[in-house]
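J.: One structure follows; several queries about it will come next.
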Amino acid sequence: MKHLATTILALATLSCGMVRADEVFAPLEWQATIVTQSGRVYRGWLDGYRNQRVRLRVPADEGEAIYQFSVDEIRTLVFPGAQEAEEALAALETDPSVNVIDVLEKAWSGRIAYLAALDRPNRAPLLAYAEALLQDGHPLEAIARGRRLKGIALDPDERERVDAVVIIGHERAGLLEEASVLAETWCREHEASGSSVLGWVVLARQALRQEEWEEALWLALHPVAFGHDATVSRLGICYGAAVAANLHLEKAEQAVVLFNEMQERGIPWPDREPLLDRASAILAEAMADETQPIEESLADEMSGPPIPDPRLTLEAVRRLLARTFQEARM
């Protein structure tokens, strides 16, 4: 009977909830479960992470016994509230705006002491909590959580998410100089043709704030020029910043070329970027005017006449950016 219960528990643990662990063993739902590489199952109270070992207090005939497990010995570590945390993550996948921050905070509190021992599934609620804090308007708290997570080994996509929390957290907290320094460091550490545009987005936004239109255009076009396979939302910000910079520089033709390319690539215009509000309004007015080409409408909407520059096509800009970047790396 005991062997059968252990088998059921192991299957429940690995299949994410076919049978809940607390339906098999004692009713203390705040206990944790450890399944070793050999398949043995231990259930008890987590007692800390010391000397690179997870400690577990397990009920025994005369009191309790303390077991210690190295990370390599553990196949599965199930924390109290694991099912609730999994449901919160699933809800976020369906609707990123859903409020599950309380559940994620509980997961953080229960797991953070074991950070170095966590595998990817057990790290997932912690990353989601840092992101939720940022989304919920608590950038300083998000920065603190992100810095804590940066101290462990992460998969590349996890590292990207943590970097975004920390850098964008500084930006939203109004720590713009610090955000720029972090973004510049990020850009130096990442390949030009990598899969992320995080640093370029932050630097381009900062240039727009400072009304440095040429700099903003240069920075925003970098990911476009190198054909980044980035998230659509961030690549959309790059296009939007480049369009906005061109509009401020009164280069209507270049703005239209970029805007049309966005449409062709299926990249939507950013809808939550206050720095692009003026560009959004100008584009909307120009597209609503059906009496003349959009380039002429844009010229009418802008403060002065457009500055034509037929020599500086988008492809020329891309070649120039590529050559300059390669020279800088030599």
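Bear in mind these aren't lab numbers, they're just calculated from the coordinates by the rules spelled out. Everything numeric here is computed off the predicted structure, so don't read it as measured data. Neighbour counts are summed over all protein chains in view; Cβ atoms, including those assigned to glycine, are modelled from backbone coordinates with ideal geometry.
J.: For Thr94, Thr185, Thr33, Thr76, which order do you get if you count the other beta carbons within 10 Å of each Cβ and list the fewest first?
T.: So the residues, fewest neighbours to most, are Thr94, Thr185, Thr76, Thr33.
J.: With a Förster radius of 41 Å, plug the Cβ-Cβ distance of Arg188 and Glu84 into 1/(1 + (r/R0)^6) and report the FRET value to the nearest 0.05.
T.: 0.50
J.: Next question. Using the count of nearby Cβ atoms within 10 Å as a rough guide to exposure, how do Lys251, Lys150, Lys106 rank from fewest to most?
T.: Going from least to most buried by this count: Lys150, Lys106, Lys251.
J.: Once you place label points 7 Å from the Cα toward the Cβ at Ser109 and Glu178, how far apart are they in nm?
T.: Roughly 2.6 nm, to one decimal.
J.: Then there's this: Please list the non-local residues whose amide H lies under 5 Å from the amide H of Asp47, H modeled 1.01 Å from N, same-chain partners needing a gap of 5 or more.
T.: Amide H neighbours of Asp47, under 5 Å, 5+ apart: Arg55, Leu56, Arg57.
J.: Working out 0.36 nm times the residue gap between Asp95 and Arg148, then minus their Cα-Cα distance, what length gain in nm do you get to one decimal?
T.: Using 0.36 nm per residue and subtracting the Cα-Cα distance, I get 16.4 nm.
J.: For Asp102, Asp163, which order do you get if you count the other beta carbons within 10 Å of each Cβ and list the fewest first?
T.: Starting with the residue having the fewest Cβ neighbours, the order is Asp102, Asp163.
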